[in-house]
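Structure, as structure tokens:
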Protein chains: 2
Amino acid sequence: MPELTATARSTPRRKRERGSHERALVESILDEGLLAHVGVLTDEGPVVLPLVYARIGDQLYLHGAPGNHLLRAMTEGAPACITVTLVDSLVLARSALHHSMDYRCVVLFGTGERVDDPDEQRAAVDALLEHMVPGQAEHVREITAAELRATAFVRFPIDEGSAKVRNEGVVDDPADLDLDLWAGVVPVSTVFGAPAPADARAATLPTPAHVTARAPSP
Amino acid sequence: MPELTATARSTPRRKRERGSHERALVESILDEGLLAHVGVLTDEGPVVLPLVYARIGDQLYLHGAPGNHLLRAMTEGAPACITVTLVDSLVLARSALHHSMDYRCVVLFGTGERVDDPDEQRAAVDALLEHMVPGQAEHVREITAAELRATAFVRFPIDEGSAKVRNEGVVDDPADLDLDLWAGVVPVSTVFGAPAPADARAATLPTPAHVTARAPSP
């Protein structure tokens with residue numbers, strides 16, 4: 001698939017060397033993230049909410065209740081911006097204003113489209129489960145047509161957007177490098193803990209291997 | 001200080017029992033988060049970017065380069081929505097569409113104001129450093145007037161908004177509870193790793209205790 005589309009708004013204005021339209025990089029960040037922050041222009045101004053998502057090829061999928069305000073605005077053509085951010089480290093410099101974070105993020109622009117085809121809806125749900133825990137799509141009760149009808153699905157193109165990566169650690173002013181001050185980075189990571197069964201019934205069953213693999217026991 | 005202001009857009013439309021205007025809850029989420037997703041209505045539509053932030057009382061502070069498109073739009077009165085999200089666990093249900101996450105988030109609405117007073121700017125920088133690593137504000141080279149002049153600061157009121165918390169674990173349909181399927185939660189947490197010095201000079205200095213405290217060595 002081609003690289004992402006570079007437009008004025010999908011090209012970082014500052015620190016352009018940190019920006020990229022490379023699709024493989026964009027996909028790796030989207031696949032590692034857990035939540036997207038979805039910003040939509042509604043009749044009450046911009047609204048930014050965290051939503052789970054899934055990627056299938058060059059499309060991102062969101063879902064929710066049919067009355068979901070954000071999803072409805074998207075399907076009515078409201079402009080949207082979807083951002084997924086991974087924090088890699090705190091950057092502690094010698095000067096206050098060079099404090100920062102190393103991070104990777106993807107920012108996508110566009111408009112959503114309602115997904116009505118049950119097969120595409122099922123594929124989106126499968127992708128969502130696989131995104132949360134690889135292997136999970138095979139381990140659930142089969143979804144019903146009624147459940148799909150009671151859910152709103154939105155497709156959003158992974159097209160106009162970019163990845164932005166800061167991976168520089170500390171960048172202090174040359175004059176500050178000899179100060180008697182420690183400077184460095186503190187790595188930040190997202191860690192999955194030991195799975196806990198939902199109830200007594202689940203506790204009688206072994207924790208599935210794919211779940212344990214997501215969250216290795218110590 | 002009073003609770004946050006409940007308006008139509010700052011009151012969750014669905015699952016209202018998860019929403020709260022309680023200031024102490026809002027502040028605890030803002031203080032634990034690392035990044036805010038800042039959504040601003042620009043002339044190119046809504047833009048959502050991750051930014052570091054600090055809280056002082058009932059104000060949130062953002063900063064960046066003077067040319068920063070988002071901050072400039074905010075100081076020109078563009079409506080904005082600032083969201084901070086903490087993920088607490090993956091929720092793996094027996095049915096696909098009951099998969100979810102337990103999370104805590106704060107969503108704030110309003111418009112920003114430019115901060116020109118150097119004392120308020122300094123206080124914002126101190127709060128930002130303390131937010132990243134408690135104790136850090138004391139361990140940096142003193143900020144200069146020229147540095148402050150070369151930085152844009154924005155104040156955003158913690159007023160119209162709400163916290164939303166999902167802390168329910170698995171909620172399956174009653175008919176699914178006896179299925180031969182495991183269900184449960186996988187805890188998710190943000191973990192700070194061992195600090196790494198920026199360069200040879202920093203490596204000659206002991207890692208400050210407040211940094212080690214943020215990121216306890218194993």
Query raised in the report: Out of curiosity, is B:Phe153 over 30 Å from B:Asp178 (Cα atoms) and touching a helix residue (DSSP H, G or I) at 6+ places or on another chain (Cβ under 9 Å)?
Result: yes
Report task. Starting from the range B:126-149, keep only residues that are touching a residue at least 40 places away in the same chain (Cβ under 8 Å), then list their pairs with residues that are β-branched (Val, Ile, Thr) and open to solvent by 60 Å² or more (accessible area, probe 1.4 Å) whose Cβ atoms are within a distance under 7 Å, requiring at least 6 positions of separation or different chains. Result -> B:Ala127/B:Ile56
Query raised in the report: Inside the range B:130-149, can you point out the residues that are open to solvent by 40 Å² or more (accessible area, probe 1.4 Å) and either more than 8 Å from chain A (Cβ to nearest Cβ) or touching a His at 6+ places or on another chain (Cβ under 9 Å) (or both)?
Result: B:Glu130, B:Pro134, B:Glu138, B:His139, B:Glu142, B:Thr144, B:Ala145, B:Ala146, B:Arg149
Query raised in the report: Taking the range A:12-29 only, how many residues are part of a loop (DSSP other than H, G, I, E, B) and closer than 17 Å to A:Leu86 by Cβ?
Result: 2
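Quick check: is even one residue across the range A:75-96 in a helix (DSSP H, G or I), without any contact (Cβ under 8 Å) to a residue 40 or more places away in the chain, buried (at least 19 other Cβ atoms within 10 Å of the Cβ) and in contact with a strand residue (DSSP E or B) (Cβ under 6 Å, 6 or more places away or on another chain)?
The answer is no, given that none of the residues of the range A:75-96 is in a helix (DSSP H, G or I), without any contact (Cβ under 8 Å) to a residue 40 or more places away in the chain, buried (at least 19 other Cβ atoms within 10 Å of the Cβ) and in contact with a strand residue (DSSP E or B) (Cβ under 6 Å, 6 or more places away or on another chain).
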Requested in this report: Find the residue count for the range A:150-159, including only residues that are under 16 Å from the mean Cα position of the chain (by Cα) and either among the aromatic types (Phe, Trp, Tyr) or open to solvent by less than 50 Å² (accessible area, probe 1.4 Å) (or both).
Outcome: 5
Query raised in the report: Residue check, A:Pro216 against (1) within 22 Å of A:Ala54 (Cβ to Cβ); (2) at pLDDT below 95, all met but one. Which one?
Result: (1)
Report summary line: Flagged in the range B:132-165 as closer than 23 Å to B:Pro2 by Cα and of a type outside the set (Val, Ile, Thr), in numbering order, are B:Arg155, B:Phe156, B:Pro157, B:Asp159, B:Glu160, B:Gly161, B:Ser162, B:Ala163, B:Lys164
Report summary line: Condition set within 9 Å of another protein chain (Cβ to nearest Cβ) and of a type in the set (Gly, Ala, Ser), scope the range B:150-174, selection farthest from B:Ala96 (Cα to Cα): answer is B:Ala150
Query raised in the report: Scanning for something away from chain A (no Cβ under 11 Å), at pLDDT 95 or above and surrounded by fewer than 18 Cβ atoms within 10 Å (Cβ to Cβ), does the range B:99-115 turn up at least one residue?
Result: yes
Query raised in the report: What pairs can you find where one residue is in the range A:23-49 and more than 9 Å from chain B (Cβ to nearest Cβ), the other is at pLDDT below 95 and open to solvent by 40 Å² or more (accessible area, probe 1.4 Å), and their Cβ atoms are less than 8 Å apart, with a gap of 6+ or different chains?
Result: A:Arg23/A:Met1; A:Arg23/A:Pro2; A:Arg23/A:Glu3
Report task. Could you please let me know if A:Ser28 is open to solvent by less than 50 Å² (accessible area, probe 1.4 Å) and polar (S, T, N, Q)? Result -> no
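Let me confirm something: among A:Arg72, A:Arg9, A:Arg55, which residue is open to solvent by 30 Å² or more (accessible area, probe 1.4 Å), basic (Lys, Arg) and in a strand (DSSP E or B)? Outline the logic, then answer.
Working: A:Arg72 fails: in a strand (DSSP E or B); A:Arg9 fails: in a strand (DSSP E or B).
That would be A:Arg55, the only listed residue that is open to solvent by 30 Å² or more (accessible area, probe 1.4 Å), basic (Lys, Arg) and in a strand (DSSP E or B).
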Query raised in the report: Can you name the residue in the range B:170-218 that is touching a helix residue (DSSP H, G or I) at 6+ places or on another chain (Cβ under 6 Å) and among the small types (Gly, Ala, Ser) and is also surrounded by the fewest Cβ atoms within 10 Å (Cβ to Cβ) among such residues?
Result: B:Gly184
Query raised in the report: Consider A:Met74 against the criteria (1) over 30 Å from A:Asp180 (Cα atoms); (2) at the interface with another protein chain (Cβ under 10 Å from one of its Cβ atoms): it satisfies all of them except one. Which criterion is unmet?
Result: (2)
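The values are calculated or read from the model by the stated rules, or taken from the named source; none is laboratory data. For clarity, every value in this text was computed on a predicted model and none was experimentally measured. Note that we place each Cβ from the backbone using ideal geometry, even for glycine, and neighbour counts take in every protein chain shown. Keep in mind that these areas ignore ligands, DNA and RNA; they rest on the heavy atoms of the full protein, side chains included. Shrake-Rupley method; radii C 1.70, N 1.55, O 1.52, S 1.80 Å.
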